[in-house]
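Engineer: Structure in structure tokens, see below.
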Amino acid sequence: MAGAVAAAGSAEQFQQLLQRPDRSLVVVHFWAPWAPQCAQMNEVMAALAREHSQVTFVQLEAEAVPEVSEKYGISSVPTFLFFKNSQKVDRLDGAHAPELTQKVQRHAAGTAPVPSPASCAQEQLHARLKKLINAAPCMLFMKGSPKEPRCGFSKQMVEILSKHGVAFSSFDIFSDEEVRQGLKSFSNWPTYPQLYVGGELIGGLDIIKELEASGELDTICPKAQKLEDRLKSLINKAPVMLFMKGNKQMAKCGFSKQILEIINNTGIVRELKESGELLPMLKGEN
């Protein structure tokens, strides 16, 4: 039973407890009813059992099961033995509660408990939050949207980022209560808005204002490409660029379809290119 201390009244019971399939760490207290320090350590064991449900705690009356006591060299009480996979891995002689607690914590650290439904749900939420944080190079978790902020702090944050031409995506924390509450503990930041760059938390509005004042904001956050630069890049992507409705495989308007047919069927573009007339024509020099 999780959180309880088991009793071993015989060598057979002791062996059964050592071999329990659902526990890998077993702590055995060899005790005697006439020793007051043993009664005190039994209380310590009970408290540790409540805290470490993945560990099996056992009380064994040393004089009542002499064959076990002799096998492990128990000459005084209280004595504690630590077993993993039925093998003794540690020992503690005497009523030393702090040392017993430390040994249990150290050995239990290598004993993985069976994940509970709550821990599984927490892991799934953390994975989801990590994915959201990394959904874009710059992610803003805010109240509302950039077009319709739903709090003054979020509005100020959007204004600062827009003023500096920062390219960012956003998530409305009002749209998902699980994200809203979970991100606070995940990032250890209790308020919104929260700004992340490259999956790392930069901070809230006050931090962003400080970065803006120091000039660091422009070096930290990715910049949005200006429309003029983007168009120039697209126009110069190839010697001949056709901006059309649809694509080469499926035109989505009659005019685009006709110009594709002219290009594909007559070879006029190829002829103009070979004659050197294409570029001057495109530039309006003819």
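The values are calculated or read from the model by the stated rules, or taken from the named source; none is laboratory data. All values reported here derive from a predicted model rather than from experimental measurement. Glycine gets a Cβ as well: all are built from the backbone with ideal geometry, and neighbour counts include every protein chain shown. Note: areas computed on protein heavy atoms with side chains; ligands, DNA, RNA excluded. Shrake-Rupley method; radii C 1.70, N 1.55, O 1.52, S 1.80 Å.
Engineer: Express the carbon and sulfur contribution to the solvent-accessible surface of the range 1-75 as a percent, rounded to the nearest whole number, probe 1.4 angstrom.
Structural biologist: Percent of accessible area from carbon and sulfur atoms in the range 1-75: 51.
Engineer: Which peptide among 24-33, 131-140 comes first, and what is the full order, when sorted by highest mean count of other Cβ atoms within 10 Å?
Structural biologist: 24-33, 131-140
Engineer: Next question, about the same structure. Between rounded, prolate and oblate, where does the range 7-57 land on the alpha carbon gyration tensor, with a ≥ b ≥ c its root eigenvalues, rounded for a/c under 1.5, else prolate if a/b exceeds b/c?
Structural biologist: Oblate shape, in that a/c is at least 1.5 and b/c is the bigger or equal ratio.
Engineer: If you put +1 on each Lys and Arg Cβ and -1 on each Asp and Glu Cβ, how big is the dipole of the range 55-177 around its Cα centre, in Debye rounded to 20?
Structural biologist: Approximately 800 debye in magnitude.
Engineer: In Å³ and rounded to a whole number, note down the convex hull volume per residue for the Cα atoms of the range 175-265.
Structural biologist: In the range 175-265, the Cα hull volume divided by residue count equals 189 Å³.
Engineer: Moving to a separate point now. First obtain the Kirkwood hydrodynamic radius of the range 1-91 from its Cα pairs, then insert it into the Stokes-Einstein equation at 25 °C and 0.890 mPa s, and state the resulting D in µm² per second as a whole number.
Structural biologist: It comes out at roughly 189 µm²/s.
Engineer: How long is the gain from Gln102 to Lys232 if the chain were fully straight, where each residue apart is worth 0.36 nm and the alpha carbon distance is subtracted?
Structural biologist: Between Gln102 and Lys232, full extension yields 40.1 nm more.
Engineer: Moving to a separate point now. May I ask you to list the residues of the range 31-56 whose amide nitrogen lies under 15 Å from a point 7 Å from Cα along the Cα→beta-carbon direction of Glu63?
Structural biologist: Within reach of a label on Glu63: 31-39.
Engineer: Quote to one decimal, in nm, the extra length available between Trp189 and Ala135 on full extension: 0.36 nm per residue of separation minus the C-alpha distance between them.
Structural biologist: Contour length minus the Cα-Cα distance gives 17.5 nm.
Engineer: If you don't mind, there's one more thing I want to ask. Using only Cα atoms, locate the centre of the range 35-49 and the centre of the range 186-225, then give the distance between them in Å, rounded to an integer.
Structural biologist: Using only Cα atoms, the two centres lie 52 Å from each other.
Engineer: To the nearest 0.05, what FRET efficiency results for Arg50 and Arg180 with a Förster distance of 30 Å applied to their C-beta separation?
Structural biologist: 0.35
Engineer: While we're here: Give the Debye-formula value of log10 I(q)/I(0) at each listed q (0.18, 0.30, 0.31 Å⁻¹), with one equal scatterer per alpha carbon of the range 116-161, two decimals each.
Structural biologist: Result of the Debye calculation: -0.66, -0.98, -1.01.
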